[in-house]
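The values are calculated or read from the model by the stated rules, or taken from the named source; none is laboratory data. Bear in mind the structure is a predicted one, so any value in this text is a computation, not a measurement. No Cβ is skipped: glycine too gets one built from the backbone with ideal geometry, and neighbour counts run over all protein chains shown. Ligands, DNA and RNA are stripped out before the accessible areas are found, and what is left, the full protein with its side chains, is counted by its heavy atoms. Shrake-Rupley method; radii C 1.70, N 1.55, O 1.52, S 1.80 Å.
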Amino acid sequence: MNLNTFYNGKVVLITGGSMGIGKELAKLALSYGAKVAITGRTLSKLEFVKKEFNVSEQNILIHAGDVTDYKNNQELVKKCIDKFGKIDVLINNAGLSAFGSIEDIKPEVYKTVVDTNIYGSVFPTKACIPILKKVNGSVLFVSSIAGLTGLPDYSAYSLSKMSLRAIAHALRIELKNTNVFVGICYVGFTENEITKKTYSPNGELIAIPKRPSFLTATREQTAKKMLKQIKRKKYSVNQSILGNLVMFQGKVFPKLTAWIMRLNYKSKK
Ligand SMILES: NC(=O)c1ccc[n+]([C@@H]2O[C@H](COP(=O)([O-])OP(=O)(O)OC[C@H]3O[C@@H](n4cnc5c(N)ncnc54)[C@H](OP(=O)(O)O)[C@@H]3O)[C@@H](O)[C@H]2O)c1
């Protein structure tokens, strides 16, 4: 079965679909014949994307709200059911990052990242489970290379993305007597939108420096891997060579890995 056959007629709910990887996921899913619901906190960004996609009103739903607010997720699910009658796929893509050592970072910045990336994945999932059970649907958690190891200066992000592994693992077992697919992907460096921002330790939103292109996947490549993973029902996918290296090295040479990270951290300070 190809992606068109799998996604045609399905309803795909993508959190954080107003830009970046989420927007690309929505664009691809629409091209495969799916109906999509996209969310984000900023209504104007969602309206802009909807206009840009220029698809029939019947195939797209936009919803502005915060993924960390459970009531908002319940409203979102209700809107999807009222409009489409079902949800087949939930992709927990909305996420934020911050940098700064534990010593330097403001507690509220740390909390925002952890809340958004953890509760912002758990709450949409919780709201969708009864609906996904009815259609043998799928839920995907979007983690990162930072979810494979503790990264110095990125511990809030690492902690939150590592937690998704625990959540996905638990949910998979909880739903083992259903036909709901639960998966987690570890996304590698992906080309960012130029408007993407990260939190500084003080809580200012600042631009993210451009990464070297040889290390970076396009948003389309990353999004396509996620949609393929759901179709293939593969529980865990490490999308990048760097991610596979981090995982392998961490398992086989844990001391060497820790030494390299310490050395690299020292050289930056
Ligand atoms: N880009 C990478 O290299 C990379 C690598 C590994 C993993 N990832 C993961 O992939 C996912 C997407 O990353 P991206 O680079 O595409 O990010 P992005 O361009 O910053 O987009 C993030 C999306 O999430 C939404 N969002 C953020 N906080 C939200 C909240 N509290 N409630 C609702 N929506 C919220 C944003 O819209 P609003 O701002 O309007 O709310 C936006 O639509 C994230 O989970 C990220 O951690 C990315």
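Once the Cβ-Cβ distance between Asn264 and Glu174 is put in as r, and R0 is 25 Å, what FRET efficiency do you end up with, to the nearest 0.05?
Efficiency, from the Cβ-Cβ distance: 0.05.
Please give, to one decimal in nm, the separation of the simple spin-label points placed at Asn244 and Lys228, each 7 Å out from Cα toward the Cβ.
1.2
Tell me the label-point distance for the pair Lys134, Lys251, using the 7 Å Cα-to-Cβ offset, in nm and rounded to one decimal.
For Lys134 paired with Lys251, the spin-label model returns 4.0 nm.
P(r) tail for the range 3-241, what percent of Cα pairs lie past 26 Å?
For the range 3-241, the share of Cα pairs beyond 26 Å comes to 33 percent.
Please build a GNM for the chain, connecting alpha carbons under 10 Å apart, and tell me which residue among Asn192, Asn177, Asn73 fluctuates the most.
Result: Asn177 has the largest fluctuation of those listed.
Just subtract the alpha-carbon distance of Glu220 and Lys126 from 0.36 nm times their residue separation and send over the number in nm, one decimal.
That works out to 31.0 nm of additional length.
Given a 1.4 angstrom probe, I'd like the percentage of the accessible area of the range 107-218 that is carbon and sulfur, rounded to a whole number.
Summing carbon and sulfur atoms, their accessible area is 59 percent of the total for the range 107-218.
Going down the list Lys23/Lys228; Lys111/Lys176; Lys71/Lys234; Lys133/Lys197; Lys106/Lys126, which pairs span over 24 Å between their C-alpha atoms?
Lys111/Lys176; Lys71/Lys234; Lys133/Lys197; Lys106/Lys126
Given H placed on each backbone N at 1.01 Å, which residues far from Val182 in sequence or on other chains put an amide H within less than 5 Å of it?
It is Val139, by chain and number.
Relative contact order of the chain, please, whole-number percent, based on alpha carbon pairs below 8 angstrom and at least 6 residues apart.
Over the chain, the number comes to 18 percent.
Assuming R0 = 30 Å, can you tell me the calculated FRET efficiency for the pair Ile81 and Arg165, based on Cβ-Cβ distance, to the nearest 0.05?
E(calc), rounded to 0.05, equals 0.50.
Of Met247, Leu159, Gly17, which is farthest along the charge dipole of the chain in the positive direction, counting Lys and Arg as +1 and Asp and Glu as -1 at C-beta?
Result: Met247, furthest along the dipole toward the positive end.
About the Cα centre of the chain, what is the dipole size in debye to 20, counting +1 per Lys and Arg Cβ and -1 per Asp and Glu Cβ, all else neutral?
I would put it at about 800 debye.
Sorted by accessible area (1.4 Å probe), largest first, how do Arg41, Arg211 line up?
If we order Arg41, Arg211 from most to least accessible, we get Arg41, Arg211.
List the aspartates and glutamates whose Cα sits under 14 Å from the Cα of Lys10, skipping any in the same chain fewer than 8 residues away.
Filter leaves Asp88.
Residue by residue, what Karplus-based ³J(HN,Hα) values in Hz, rounded to whole numbers, does the range 110-127 have, using 6.51, -1.76 and 1.60 with θ = phi - 60° and x for Gly and Pro?
4, 5, 4, 5, 5, 4, 5, 7, 8, 5, x, 9, 5, 5, x, 5, 4, 5
Would you mind working out the accessible area per residue for the chain, using a 1.4 Å probe, and quoting it in Å²?
52
Out of all DSSP beta bridges in the chain, what portion is antiparallel? Express it as a percent rounded to 5.
Taking every DSSP beta bridge with both residues in the chain, the antiparallel ones total about 10 percent.
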